[in-house]
1. Sketch the reach of a paramagnetic label on E146 as a point 7 Å from Cα along Cα-to-Cβ, and name the residues of segment 226-252 whose backbone nitrogen lies under 14 Å away.
2. What are the membrane-span-like helices in the chain by this rule: whole DSSP H runs, Cα extent along the axis at least 18 Å, mean Kyte-Doolittle hydropathy at least -1.0?
3. Using mean Cβ contacts within 10 Å as the protection proxy, how do 122-131, 78-87 order, highest first?
4. Largest first, please: the extent of the C-alpha atoms of the chain along each principal axis, to the nearest Å.
5. If you take the beta carbon distance between Q219 and A168 as r and set R0 to 35 Å, what does 1/(1 + (r/R0)^6) give as a FRET efficiency, to the nearest 0.05?
6. In the P(r) worked out for segment 42-136, what percent of Cα pairs fall beyond 16 Å?
7. Over all directions, how big on average is the projection of the convex hull of the alpha-carbon atoms in segment 79-220, in square nanometres?
8. Hey, got the dipole for the chain? About the Cα centre, +1 on K and R Cβ, -1 on D and E Cβ, debye to the nearest 20?
Amino acid sequence: MTAHALPVGFEEDHDLRSAFIRKLTLEQLVTGSVRRRQRSRKKIPRTLVRYWHDPHALPDDVGACIESWTRLRAQDFQFRMFNDSSAAAYIAANYGSRECAAFGRCRHPAMRSDYLRLCFMLAEGGLYVDADDVLGEGDGWTRLFEDDRLKVQPLCYDVSAGEMVPAAAIWRADLPTEGRIFYVNNDPIVAPPGHRVLRRALARATERLLAKNAQPEIQETTGPGNLTAVLAGYARELRLRGHGPDFVFLKDWGAIAQTRWELSYRGDERNWRNMDGS
């Protein structure tokens, strides 16, 4: 599947973009994570960004996840923790009426977290991680700041099995693709300020949030589906221009941090998977 063979707007077709994300992953497997020769002047700042919607009702187990990152303070990190109120204020101070209105239409804390991370990372850059991520031992995190490329994590969902494919298996060249969805996560996001993928992801999310749909779906509107669609279209454009990627897929994120799944909030409405009673 070459870039020339893909039609404009292919990224809105779930099957086409899944196949293209798989292709990008395999190409990185073959070529390795090669740095660009030309480096951007915009470096990735050591800023750690997290979000929890209600600062007065932070579960203890989520607080423990957040606390695991504290040792990065000794590595000259700045910590930015947002909630619903501070996120709205940040967007109002840095963006316009459309973005403020779009944030107001995010009908779940997870959507507001999705939207804020796009706004902040576009404006200032840094490292965004979800509040349920736990920093592991060691200094693997330093690799995230070795160059100025956007860094995201590839994922794969097995539809028939109803579960995620193990992260390590995604990098197998012989991994079957039938009945599987390949995409990129929006946790973590590592980026310099002003990256074009984030600019486009914010624009796409804003447009969809301001559309007439009364209940925009989270994944495709503000979540991983949004970021995946934008990155796929952007990668195609780079290829057509003969440019190499200014982004890279993280192969070893699990060695840096891991998501804690057994948390108290996952059983109630604070978990986006329980939206609309599903």
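1. Under cut-off, by backbone N: 248-252.
2. Span-like helices here: 14-31, 109-123, 196-209, 224-240.
3. 122-131, 78-87
4. If we take the Cα atoms of the chain, the spans are 51, 46, 40 Å.
5. With R0 = 35 Å, the Cβ-Cβ based efficiency is 0.90.
6. Tail fraction, whole percent: 55.
7. 10.4
8. Rounded to the nearest 20 debye, it is 1380 debye.
Values in this text are rule-based calculations from the coordinates and carry no lab data. Just so we're clear, the structure is a prediction, and the values are computed from it rather than from any experiment. Every residue, glycine among them, receives a Cβ derived from its backbone with ideal geometry; neighbour counts consider all protein chains shown.
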